[in-house]
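The values are calculated or read from the model by the stated rules, or taken from the named source; none is laboratory data. Bear in mind the structure is a predicted one, so any value in this text is a computation, not a measurement. For neighbour counting, all protein chains shown are included, and Cβ atoms are generated from backbone atoms with ideal geometry for every residue, glycine included. With ligands, DNA and RNA removed, areas are computed over all heavy atoms of the protein, side chains included. Shrake-Rupley method; radii C 1.70, N 1.55, O 1.52, S 1.80 Å.
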Amino acid sequence: MNIRQWLILQRHWLAYCLMLIAFCISSCTATKSSFHPTQKYSSAQLLHDYEVYEDVLKNHHPSLYWYTPADSMRFYFAEGRKQLTDSLTEPQFRKVLAWVTAKINCGHTTLRSSKKWSKFADTAKVGNMFPLTMKIWNNSGLAQDEKMVVTANLHRRDSIFKRGTEILSINGIKRKHLVDTMFEYISTDGYNTTHKYQTLSNRGNFGSLYTMLYGLPDKYEIEWLDSTGQKNTNIILPYRPAADTPTQRGTRTFRQTMPKPTKQQLKEMRLNAIRLLQIDSTNKTAMMNLGSFAKGYQLKKFFHNSFKTLQQNKVGHLIIDLRSNGGGSVSNSTLITKYLINKKFKLADSLFATATKSVYRKHINSHFWNGLFYTFFTKKKGDGMRHFGYYERHYFTPKKKNHFNGKVYILTGGNSFSASTLLASALIKQDNVTVVGEETGGGAYGNSAWLIPDVTLPNTGVRCRLPLFRLVIDKTVPKIGKGVQPEVPSMPTVELIKKNTDYKVQKVMELIDSDKVKNIP
């Protein structure tokens, strides 16, 4: 073969390689773009995913049978498997998994959509929506005392279903049946219903669950009570976002009158939405809103500056609002506890994991790094579990500098979860601390959390959050599956919801006024 022939051969080989690469790229692109929300997975694919889901939970979840007996969980797993005899879309499959997952009674074990579904949802045009946001609660636990009240209506000109309207049924289904059915799909710590009620009351959740369970009808026939207690029935249509889009002219005018915030302003707005200290210097009272203990919000700096400011202003009454705090970093909740507690404390009476190896390790996010964590920070004990001994033994001490010694009022509710429950648990027995509001969503006895990787199922890509450690906060607390109970309950009523009253803050201000009458600084 001469040089010319060799060059021709190489040119042909290069052309072939380029064609092959182009084919692979176009194939990948076609695969990505071919995803559609109506795409179905075969029964065999779903059963394979379900096998991975079930086996991972059985081998790695530290509290699978903590609140649900093993024979009951076997029954629930079997019932879920029975629903996979035909092909399903991802949302249909997630519905099956959500029902089974809720039976574990672990608030940290929840489901997430696949990445491809999330990407689709982020770019897809918003379709018709359930138009109402509800506040749902039960102050007594008796069926007849359950309430469902409108808090927002996407149809802004609707004169019937206004804030405070009490709903009795939707499309012929009574509210008790609606709520009980939805509860079957909501994960919670133990037998806590406060968290489930609050989850339904969070904006958009009721409508999302209703649509998942009952579909999206052309209209909703709603039975409701008027101000005289009379029953009425009216029709409300789904909300259509496209029909409510402002005109281009209106949009252009709005943009002209609203200057774009700077990056620094956006950063401050983001931080203030999560943590904010407000001081009434005249009444020596402060409100600290803490929407999260997650990292990324500069909480260490915030706590340092806040408690220094409280000292400088000689604040005697501090309200800490944990009602929207779903938890986050334990180090952040521990830090604020140090500023408030008056004796040494520890986070856990026990903290341990079960299995550290898995045949499904490729499906468990960060499995390698979690394995290193087990190796260097845990030790296997006589009970066969790997204990995180540091937190089982270590006592944290209160901060001396800028320690707050005044009266503290902690506002809690169904969204107060995980690390925020640790804070409430540590402080509730202290004389100068009063917990006000509703039961926390997080378990008072303990929870399963700490390391929580995603398990990605191989065919559908559905993700399941898998807590790896069982945390017993206080073994002296009865293990009855409840959250931290408020010392001063402050519960909703239909009238308070109608008036849009912040009744928990109102209750705290009454307590503070009472303290001042008694000459308590």
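Filtering Thr199, Thr233 for residues that are open to solvent by less than 90 Å² (accessible area, probe 1.4 Å), modelled with pLDDT of 95 or more and within 30 Å of Leu471 (Cβ to Cβ) leaves a single hit, Thr199.
For the stretch 368-406, the candidate set comprises residues that are within 26 Å of the chain's Cα centre (by Cα) and open to solvent by 40 Å² or more (accessible area, probe 1.4 Å); within that set, the residue that is modelled with the highest pLDDT is Tyr391.
Residues are listed down the side, and each one gets a yes or a no for (1) under 30 Å from Glu438 (Cβ atoms); (2) assigned to a loop (DSSP other than H, G, I, E, B); (3) touching a residue at least 12 places away in the same chain (Cβ under 8 Å):
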| site | (1), (2), (3) |
| --- | --- |
| Arg323 | yes, yes, yes |
| Ser333 | yes, no, yes |
| Thr356 | no, yes, yes |
| Lys362 | no, no, no |
| Trp369 | no, no, no |
| Leu372 | no, no, no |
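Being out of contact with any Pro (no Cβ under 6 Å at 6 or more places or on another chain), in a strand (DSSP E or B) and open to solvent by less than 50 Å² (accessible area, probe 1.4 Å) is a property that Tyr409 has. Would you mind stating whether Lys399 is under 20 Å from Leu427 (Cβ atoms) and in a loop (DSSP other than H, G, I, E, B)? Against the criterion (under 20 Å from Leu427 (Cβ atoms) and in a loop (DSSP other than H, G, I, E, B)), Lys399 qualifies. The residues of the stretch 505-521 that are open to solvent by 40 Å² or more (accessible area, probe 1.4 Å) and either of a type in the set (A, V, I, L, M) or assigned to a helix (DSSP H, G or I) (or both), listed by number, are Gln506, Lys507, Met509, Glu510, Leu511, Asp513, Ser514, Lys516, Val517, Ile520. Total residues in the stretch 505-521 satisfying the condition of being at negative phi and free of Cβ contacts under 8 Å to residues at least 40 places away in the same chain: the figure is 8. Every test in (1) within 23 Å of Thr460 (Cα to Cα); (2) at pLDDT 90 or above is passed by Phe120 save one, and that test is (2). For the stretch 76-90, the set of residues classified as open to solvent by 40 Å² or more (accessible area, probe 1.4 Å) and closer than 25 Å to Asn105 by Cβ consists of Tyr76, Glu79, Arg81, Lys82, Gln83, listed by residue number. A Cβ distance below 9 Å, combined with a sequence gap of six or more or placement on separate chains, defines the contacts here; from the stretch 488-504, residues that are within 27 Å of Asn432 (Cβ to Cβ) and open to solvent by 30 Å² or more (accessible area, probe 1.4 Å) reach residues that are assigned to a loop (DSSP other than H, G, I, E, B) and of a type in the set (Asp, Glu) in the pairs Pro489/Glu438; Pro489/Glu439; Met491/Glu438.
When the residues of the stretch 412-439 are narrowed to those that are touching a helix residue (DSSP H, G or I) at 6+ places or on another chain (Cβ under 9 Å) and of a type in the set (Asp, Glu), which ends up surrounded by the fewest Cβ atoms within 10 Å (Cβ to Cβ)? In this case the residue turns out to be Glu439. State all residues of the stretch 288-309 that are free of Cβ contacts under 8 Å to residues at least 60 places away in the same chain and either buried (at least 16 other Cβ atoms within 10 Å of the Cβ) or among the small types (Gly, Ala, Ser) (or both); if no residue qualifies, say none. Result: Met288, Asn289, Gly291, Ser292, Ala294, Gly296, Tyr297, Leu299, Phe302, Phe303, Ser306.
Scanning the stretch 468-487 for residues that are more than 30 Å from Asn283 (Cα to Cα), open to solvent by 40 Å² or more (accessible area, probe 1.4 Å) and not β-branched (Val, Ile, Thr) turns up Arg470, Lys475, Pro478, Lys479, Lys482. Checked against (1) under 25 Å from Ser416 (Cβ atoms); (2) surrounded by 19 or more Cβ atoms within 10 Å (Cβ to Cβ); (3) not small (Gly, Ala, Ser), Ile167 passes all but condition (1).
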